[in-house]
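Computed from the coordinates by the stated procedures, all read-outs in this text should not be read as laboratory data. Just so it is clear, the model here is predicted, and its values are computed rather than measured. No Cβ is skipped: glycine too gets one built from the backbone with ideal geometry, and neighbour counts run over all protein chains shown.
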Amino acid sequence: MADNRKGFTLIEVVIAAVVIGILAAVAVPRLSASKDKAYAAAMMADLHTVAIFEEQYAADNHGQYFSGTATSDTPLNGFTPSKNVTMTLTAFNILGSQLADWTATVKHSQTSESCEMRAGEITCTTTNALSVGVLPP
């Protein structure tokens, strides 16, 4: 008489669980790094956008820039950063002169990375590295 058992043995189930665990161990760090890159991209995009807002504001206000803190819930002079992003703008205005400039610091609440723009140059820092970019003309 033939033995017609159906199903999986315990060894087969354990091997399948180990393979799934190994695949998860490889995929999770890659997913985390991708999320950090996406957060950095959102912060850099916001810095590019705020540069346009600052220059438009200066064109309408005798070369003077604006300061303040902007979030998605509290826009600043029409500028609204991405979700979970806080941007702090600091203007250096000397009334009656052409000596005016501004800096911006941006932080995303979901990552330890932050970015900063000074004189058209964007610098982002992470716990692992420092990257620098220049704002195109």
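With r defined as the distance between the Cβ atoms of residue 35 and residue 88 and R0 fixed at 22 Å, what FRET efficiency is calculated, to the nearest 0.05?
0.45
What are the lysines whose alpha-carbon lies under 28 Å from the alpha-carbon of residue 37, with same-chain residues fewer than 8 places away excluded?
Correct list for residue 37: 83, 107.
At most 13 other Cβ atoms within 10 Å and a DSSP loop assignment: could you name the chymotrypsin sites (Phe, Trp or Tyr not before Pro) in the stretch 1-62 that fit?
Filter output for the stretch 1-62: 8.
Could you tell me which of 28, 104, 119 has its Cα farthest along the dipole of the stretch 10-134 towards the positive end, charges placed at Cβ (Lys, Arg +1; Asp, Glu -1), taken about the Cα centre?
28
Can you tell me which aspartates and glutamates have their Cα less than 20 Å from the Cα of residue 35? Leave out same-chain residues fewer than eight positions away.
46, 113, 116
Taking H placed 1.01 Å from N in the peptide plane, check which residues at least 5 places from residue 122 or on another chain put their amide H under 5 Å from its amide H.
Here 133, 134, 135 satisfy the definition.
Under 10 Å, Cα contacts only: if you run a Gaussian network model on the chain, which one of 93, 84, 61 comes out with the highest mean-square fluctuation?
So, out of 93, 84, 61, the one fluctuating most is 61.
Helix-only estimate, please: 222 nm mean residue ellipticity of the chain, summing -39500 (n - 2.57) across DSSP H runs of length 4 or more and dividing by its residues, to the nearest 500.
Only helices count here, giving -14000 deg cm²/dmol.
Can you work out the PRE-style zone for residue 72? Point 7 Å along Cα to Cβ, and I want the residues of the stretch 27-65 with backbone N under 19 Å.
34-50
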